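Structure record follows, encoded as structure tokens.
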Amino acid sequence: MHPFTICVVGPKRNVGKTTLVEGLIKNLTLQKGLRVGTVKHIHGTFDTPQKDTWKHIKAGATATGVITDSELLTIWNSSELPIIPETVLDKLPKNLDYVIVEGFRHSEYPKIIVADVAEDLESINLSNTVAISGRIVEKPEELKKLDLDAPVVKINESEKLVNLLESRAQAIFVNQLPGIDCKSCGYDTCADLAKAVRAGEADVRQCITMFTKVDLAIDGKTIVMKGFVQDLFKAVVMGVVKELKEVPEKSREISLQIRLD
């Protein structure tokens, strides 16, 4: 399961993005015990000119690693890489529950918008907005100007923001499950399994259908098969296929349809 990614965006500096991010991190990690990663979009360069790591990159290194007594850092030469969240997200640990991205206001990821006035939202991609925050919350006259149906939450209301994130993450995760409510995972519905996974009480691998290697449907109805039954189906079909001519040696997928009338 991929971590839930949320962008915290604003039109400029000093609107409260980092303060909001800090509150989210503390709530998710200290109170909920979840694993959180972050990404920061910085304009310009992060490395310090004329320092050793800067010289390594300038000399042509693709990446340089830094190890201190308490930190591990990798700096990539990104001059030929796209400046999009995925460039960094793909390099983060896979066992994270959440990734909070500060910046990338034009992305399609779910986002919390931090603003001072209504005009600030003109430069932001408003799709997938989870909440609006910032000093604009204290300005009723500015809020009235917004043509956006999203909850309004103060920067210091971290618990309320996290509840909104959990609801959005739950909805997205449920949509990733098959939705057939087969009960093979031990839960009555896919939504129940999703809730248990988000709470750390279940493993997404309990969904047999999601991780199946053999799909079987009869008259459009998905038939859930245990692992050993899938292995049996696969062995029988592969045994027949191997005897056929003109079959590619390195096939990745076999589709089989049987008409009974």
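Quick check: anything in the stretch 199-207 surrounded by fewer than 16 Cβ atoms within 10 Å (Cβ to Cβ), in contact (Cβ under 8 Å) with a residue 60 or more places away in the chain and either at negative phi or not β-branched (Val, Ile, Thr) (or both)? Looking for residues that are surrounded by fewer than 16 Cβ atoms within 10 Å (Cβ to Cβ), in contact (Cβ under 8 Å) with a residue 60 or more places away in the chain and either at negative phi or not β-branched (Val, Ile, Thr) (or both), one finds at least one in the stretch 199-207, hence yes.
Scan the stretch 24-58 residue by residue and report those that are acidic (Asp, Glu) and modelled with pLDDT of 90 or more. Result: 52, single match. The C-beta contact set for the stretch 219-235 (first residue surrounded by 10 or more Cβ atoms within 10 Å (Cβ to Cβ), second residue in a helix (DSSP H, G or I), distance under 9 angstrom, 6+ apart or interchain) comprises 225/232; 225/233. Taken together, 19, 62, 53, 48 contain a single residue that is of a type in the set (S, T, N, Q) and in the same structural domain as residue 100 (by TED's automatic domain parsing), which is 19. Within the stretch 138-183, being in contact with an Asp or Glu (Cβ under 9 Å, 6 or more places away or on another chain) and part of a helix (DSSP H, G or I) holds for 142, 158, 169. Within the stretch 88-145, if we keep just the residues that are more than 21 Å from the chain's Cα centre (by Cα) and among the small types (Gly, Ala, Ser), the residue that is surrounded by the fewest Cβ atoms within 10 Å (Cβ to Cβ) turns out to be 123. Sub-6 Å Cβ pairs linking a first residue in the stretch 8-21 that is without any contact (Cβ under 8 Å) to a residue 40 or more places away in the chain and surrounded by 15 or more Cβ atoms within 10 Å (Cβ to Cβ) to a second residue that is of a type in the set (Ser, Thr, Tyr) and not in a loop (DSSP other than H, G, I, E, B), at least 6 apart or interchain, number zero. Checked against (1) at pLDDT 90 or above; (2) of a type outside the set (Phe, Trp, Tyr); (3) touching an Asp or Glu at 6+ places or on another chain (Cβ under 7 Å), residue 116 meets all criteria but (3).
The values are calculated or read from the model by the stated rules, or taken from the named source; none is laboratory data. Not measured: the values here are computed from a predicted model. Here Cβ is always computed from backbone atoms with ideal geometry, including for glycine, and neighbour counts include all displayed protein chains.
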